[in-house]
Each structure stands twice: as C-alpha cells, then as structure tokens.
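Here is the structure we will look at, set down as structure tokens.
The values are calculated or read from the model by the stated rules, or taken from the named source; none is laboratory data. What you see is a predicted model; the values in this text were computed from it and never measured. Here the Cβ is made from the backbone with ideal geometry for all residues, glycine too, and neighbour counts use every protein chain on show. With ligands, DNA and RNA removed, areas are computed over all heavy atoms of the protein, side chains included. Shrake-Rupley method; radii C 1.70, N 1.55, O 1.52, S 1.80 Å.
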Amino acid sequence: MADGERRSVRRFSRLLSPAGLVLAGLLFLAPFLTVSCDAPGGYGRAAPGGTTTYTGWDLATGGTPDVTADKLLPPEQRHSDVLAPQPLAGTVLVLLVIGVLVTIGVGRARTRRGVVAALAAIAALFLLVNQATVRVLVEERLREQLTGPLPDGRQIGDFVHDQGGFGLALLALVLVALGNLAGWVRLLRAPGGVIAESAEPGSPAPTAPLPEA
C-alpha cells in the first residue's frame, strides 16, 4: 500500500472513534425500553393497549416517558411512570464526552487508542448493567400497579421490551472498543517500540534519542 493510501486509511480510522462515540450519544434520544400496557390496569399513565416508551435520555435524566396518545388513562387513574435519574446512564454519557475529547486532543496513537478502547468498553458495560437495572425497576412498578391477574402463560417480564436505541448504542460502543483495542495491540507489537508508534496525521513526529557522547 502506498504512503498516501496508508495516510488516508489512518485518517479514516481516526474519524471512526469520535463518530462512533457521538452516534452512541445521539442514540440516547431513541427508545431504550418500552412497556406494553396490555397488562391488567395498564401501566403508569397508559391504559391497557397503550405503550410507554423510555428513551435513553429519559433514563439518564429522569425524564417523562412517551405514552400512546389515544391510550391515556383518566387523570384520577394514573400512576407515576417517571423513573429517578439512573447514575449509570448518566455516567455513560460522561464517558462518551471524555472519549470524544481524547480522540480529538491526544496525538500519540497508542495512548489514544488504549484510552478510548477502555472508555468505550466501560461505557458498554455500564450501559448493559443500567438496562438490566431499569428492567427490574419497571417490572416491579408494573407489578405494583396490576389491577388483576396476568393472562395465562404471561409473566411480568413479557410486557417489558428492550428497544433498538439501546441495542444500537451498545453495538456502537462495542465496535469502537474493539477497533481501538485492535489498533492499540498493533501499535504495541510494531517493531521499534515507542518510535514505531508513529504519528498519525496531525500528531507530532517522534524523535529518536541522541547518541551519547
């Protein structure tokens, strides 16, 4: 591969990390969890047959979830469907911001890739744990609001569903983590150690130590 092509590949690969992290952050605006309110009595503000939708932002900030517009319960029959801000979801957003800053501000390739890989992996783990925690919270709240027995063969968990925003955000974080880990390992194994770590476009050129007199 020619030097120009190598530089183009490096530039493209360097853009993938901030793009993946920004995408994961934007996906917090998409649905992360829904509650199918065909359980007896519905759920929260939703009547039976409606759906309550939590975005990642709702989970991180304690926002009010969306409810199917024509399936709202009368005000006197409504229950709370707002969850407290989830610390792990908020931490994921903070890690994404830090990761983007690292990809932009750290010139040394090996350091940058190692740090971004670690941040993305931790964010992915926190996102998984947060989703599992929220499911438990929602299932407990749904159980408390039941007005009758569940349909035959149905369990509380059957009414709570993970959504695409969560899955895609998790996928973006995993890809960023794996891509940077692979780059970090490649640089670690490169001949010449630190000198071969190389400056990608925009990074300061490495200098070899001066020979002793």
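Brief remarks on what is shown
- Selection count, region 63-76, where residues are surrounded by fewer than 16 Cβ atoms within 10 Å (Cβ to Cβ) and either touching a residue at least 24 places away in the same chain (Cβ under 8 Å) or part of a loop (DSSP other than H, G, I, E, B) (or both): 4
- Val100 being open to solvent by 60 Å² or more (accessible area, probe 1.4 Å) and outside any loop (DSSP other than H, G, I, E, B): no
- Single match in Leu125, Leu170 (criterion: open to solvent by 70 Å² or more (accessible area, probe 1.4 Å) and either within 29 Å of Val100 (Cα to Cα) or at pLDDT 95 or above (or both)): Leu125
- Residues (of a type in the set (A, V, I, L, M), farther than 25 Å from Tyr54 by Cβ and either assigned to a helix (DSSP H, G or I) or open to solvent by 60 Å² or more (accessible area, probe 1.4 Å) (or both)) located in region 103-122: Ile104, Ala109, Val115, Val116, Ala117, Ala118
- Residues of region 141-167 that turn out to be in a helix (DSSP H, G or I) and modelled with pLDDT under 95, as a count: 9
- Selection count where residues are in a strand (DSSP E or B), in contact (Cβ under 8 Å) with a residue 24 or more places away in the chain and either closer than 13 Å to Leu150 by Cβ or not aromatic (Phe, Trp, Tyr) (or both), scope region 36-62: 6
- Residue selected from region 85-122 under the condition modelled with pLDDT under 95 and hydroxyl-bearing (Ser, Thr, Tyr), by the criterion farthest from the chain's Cα centre (by Cα): Thr111
- Just one of the numbered conditions (1) over 30 Å from Tyr43 (Cα atoms); (2) among the aliphatic types (A, V, I, L, M); (3) touching a residue at least 60 places away in the same chain (Cβ under 8 Å) is not true of Val138: (1).
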